[in-house]
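> Input: one structure, supplied below.
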Amino acid sequence: MFDRRQFLVVAGSGMLTLAAKESKAEDPFDSLSANVLRNARHNGLCMIRHPTPSAIASHAQITAVDEPGRPLLVAGQVFAPDGQKAAPHVTVYAYNTDANGHYGENHTALPPRIYGWMKTDDAGRFSLRTILPGRYPGMQVPAHIHFTLWGAGYPLQWVDDLRFEGDSYLTPAMRSESEQLADFCTIQPLSESADGCLRCTFKIRLQQQMNFS
Ligand SMILES: [Fe+2]
């Protein structure tokens, strides 16, 4: 996944130890091998805040109301691996850069400052209020939002990032790859509502395997 590779450039270490220490009995981190945990800096685990709150709603606003940037509402829906059946009660963790393309406080690489959890409703739906992410400074990487999912019988897994039509850093290869995913395409159009909020939809197809390595 293109952006995950790019992510490695900016990610540092630090969350791994925290994750290992604070994991709870039912926590998805418990099922990860020592090698996967050791590789957190490279596989993206270090960007997952820990521990997961016990009470999570299907909607989350992951920015302060005065966060600089264009407000964005993502209406998501999660499906089983068959792509047909909705997946209820799955935990969805999302994070993105600020309007200037930085994840952490004071332009640091991690941990992410804009992040949050949702749990899909009975129809597999969730919604996320954030800002339109900024693009990494000095890199030709499209703006994107990261999603990681687990629970309701599914192992911890990352999914392809959500990106946005109109981003000049999107390449033909990225567009083609997204189009092949049909209903689960990862490059989504943005619309703007009367209140100035950008909106898009995003369908996610789960898999049965943990994919952090
Ligand atoms: Fe990223």
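The values are calculated or read from the model by the stated rules, or taken from the named source; none is laboratory data. Keep in mind it's a predicted model, so treat the numbers as computed, not measured. Heads up, the Cβs are rebuilt from the backbone with ideal geometry, glycines too, and the neighbour counts pull from every protein chain shown.
> From Pro133, Pro88, Pro137, grab the single residue that is part of a loop (DSSP other than H, G, I, E, B), more than 16 Å from the ligand (Cβ to nearest atom) and not β-branched (Val, Ile, Thr).
Details: Pro133 fails: more than 16 Å from the ligand (Cβ to nearest atom); Pro137 fails: more than 16 Å from the ligand (Cβ to nearest atom).
Exactly one residue qualifies, and that residue is Pro88.
> When you look at Tyr115, is it buried (at least 19 other Cβ atoms within 10 Å of the Cβ), out of contact with any Gly (no Cβ under 8 Å at 6 or more places or on another chain), of a type outside the set (Gly, Ala, Ser) and assigned to a loop (DSSP other than H, G, I, E, B), yes or no?
Values: buried (at least 19 other Cβ atoms within 10 Å of the Cβ): yes; out of contact with any Gly (no Cβ under 8 Å at 6 or more places or on another chain): yes; of a type outside the set (Gly, Ala, Ser): yes; assigned to a loop (DSSP other than H, G, I, E, B): no.
No.
> Would you confirm, using the coordinates I've provided, whether Pro81 is under 18 Å from Ile48 (Cα atoms) and touching a residue at least 40 places away in the same chain (Cβ under 8 Å)?
Numbers: under 18 Å from Ile48 (Cα atoms): no; touching a residue at least 40 places away in the same chain (Cβ under 8 Å): yes.
The answer is no for Pro81.
> Take Leu162 and decide whether it is in contact with a His (Cβ under 9 Å, 6 or more places away or on another chain) and either surrounded by fewer than 17 Cβ atoms within 10 Å (Cβ to Cβ) or under 29 Å from Val65 (Cα atoms) (or both). I'd like the intermediate steps shown before the answer.
On the way: in contact with a His (Cβ under 9 Å, 6 or more places away or on another chain): yes; either surrounded by fewer than 17 Cβ atoms within 10 Å (Cβ to Cβ) or under 29 Å from Val65 (Cα atoms) (or both): yes.
When the stated conditions are applied, Leu162 passes them.
> Looking at segment 100-113, can you tell me whether even one residue there is touching a Pro at 6+ places or on another chain (Cβ under 7 Å) and of a type in the set (Val, Ile, Thr)?
No, segment 100-113 contains no residue that is touching a Pro at 6+ places or on another chain (Cβ under 7 Å) and of a type in the set (Val, Ile, Thr).
> While we're on this one: Tell me the residue from Ala20, Ala40, Ala11, Ala25 that is modelled with pLDDT under 90 and under 18 Å from the mean Cα position of the chain (by Cα), please. Explain how you work it out, then say what you get.
On the way: Ala20 fails: under 18 Å from the mean Cα position of the chain (by Cα); Ala40 fails: modelled with pLDDT under 90; Ala25 fails: under 18 Å from the mean Cα position of the chain (by Cα).
Going through Ala20, Ala40, Ala11, Ala25 in turn, the sole match is Ala11.
> Kindly indicate whether His146 is part of a strand (DSSP E or B), over 17 Å from Arg199 (Cβ atoms) and within 12 Å of the ligand (Cβ to nearest atom).
Details: part of a strand (DSSP E or B): yes; over 17 Å from Arg199 (Cβ atoms): yes; within 12 Å of the ligand (Cβ to nearest atom): yes.
The answer is yes for His146.
> Anything in segment 166-213 that is without any contact (Cβ under 8 Å) to a residue 40 or more places away in the chain, part of a loop (DSSP other than H, G, I, E, B), closer than 16 Å to His146 by Cα and not hydrophobic (A, V, I, L, M, F, W, C)? List them, or say none.
Residue satisfying the conditions is Thr186 alone.
> Now, a different point. Do we find that Ile187 is of a type in the set (A, V, I, L, M), surrounded by 12 or more Cβ atoms within 10 Å (Cβ to Cβ) and farther than 22 Å from His42 by Cβ in this structure?
Values: of a type in the set (A, V, I, L, M): yes; surrounded by 12 or more Cβ atoms within 10 Å (Cβ to Cβ): yes; farther than 22 Å from His42 by Cβ: yes.
When the stated conditions are applied, Ile187 passes them.
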